[in-house]
Amino acid sequence: MHETEHWQQGRLVAGVDEVGRGPLAGPVVAAAVVLDPECIPPGLNDSKKLSAKRRARLAGWLWECAEVGLGWASVEEIDEINILQASLLAMHRALTDLPRPPGHVLVDGRFLPPQLTCPATPLIGGDGRSVSIAAASIVAKTWRDRYMRDLAQHHPGYGWETNAGYGSKSHREALRNLGVTPHHRRSFKPVHNILWQEKSASH
């Protein structure tokens with residue numbers, strides 16, 4: 001476990017992960033989680049490997065017994081600075097949202113967020129290798145899924161309550177039939193192409 005050495009030295013370790021890099025709609029959301037070594041929920045794992053019910057239960061537990069920070073980058077920011085930079089920005093915001101600054105950060109992936117104020121380790125496949133990153137992936141995914149379900153109430157027809165903004169077949173069909181909403185990422189090819197077709201048709 002990547003946390004053990006730091007815990008033995010009394011260091012606060014934050015795991016950081018983001019969700020929502022791939023969807024055509026909605027923000028990219030990151031979470032930073034500092035686990036209490038004495039209160040680690042059993043069954044922490046990569047959020048993608050857990051059922052929605054299990055994720056929700058673990059997320060509730062984490063909000064109770066861990067220190068949690070949340071951050072996100074908007075659709076406008078994604079379109080302006082690209083999805084990778086927006087993901088790193090969301091991670092940075094999640095870290096600054098923690099109640100206490102960590103002594104070491106474990107980050108899922110190969111890139112580190114900007115302006116880190118402490119040492120950090122990038123871990124490819126980190127949500128399967130670090131309990132802190134797994135915890136962050138669970139918190140971020142449950143929060144973003146709930147946000148997309150709420151958004152679906154205001155923009156029915158795109159299936160965001162089930163596809164969370166990812167480019168499923170029904171979502172792409174809805175894009176063609178219903179058009180682009182303010183919550184769609186205009187820099188993403190399927191959305192960009194529809195806007196381009198609409199523009200061409202209007203000339």
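The values are calculated or read from the model by the stated rules, or taken from the named source; none is laboratory data. This is a predicted model, so every value here is computed, not measured. Cβ: placed from backbone, ideal geometry, glycine included. Neighbour counts: every protein chain shown. Please note that ligands, DNA and RNA were not included when accessible areas were found on the heavy atoms of the full protein model with its side chains. Shrake-Rupley method; radii C 1.70, N 1.55, O 1.52, S 1.80 Å.
A few notes on this one:
- Each part gets one Cα centre, and for region 96-125 versus region 29-73 those centres are 16 Å apart.
- Loop-located GluC sites (Glu not before Pro) in region 1-109 (DSSP state other than H, G, I, E, B) with a sparse environment of at most 10 neighbouring Cβ atoms within 10 Å: Glu38.
- Sequence of Leu175, Leu70 from largest to smallest accessible area, 1.4 Å probe: Leu70, Leu175
- Estimated vicinal HN-Hα couplings, Hz - region 153-165 in sequence order (Karplus 6.51, -1.76, 1.60; Gly, Pro = x): 5, 8, 10, x, x, 8, x, 4, 5, 10, 9, 6, x
- Among (1) 1.06; (2) 1.23; (3) 1.03, the entry derived from the coordinates for Rg/Rh (Cα atoms, Kirkwood Rh): (3)
- Taking the helices alone, the chain has a mean residue ellipticity at 222 nm of -14000 deg cm²/dmol, built from -39,500 (n - 2.57) per DSSP H run of at least 4 residues and averaged over all its residues.
- Measuring nothing but how far apart in sequence close Cα pairs (under 8 Å, 6+ apart) lie, relative to its length, the chain scores a relative contact order of 28 percent.
- Under the Karplus curve 6.51 cos²θ - 1.76 cosθ + 1.60, θ = phi - 60°, whole-Hz ³J(HN,Hα) for region 59-73, x wherever Gly or Pro sits: 4, x, 4, 5, 4, 7, 10, 10, 8, 10, x, 10, x, 8, 10
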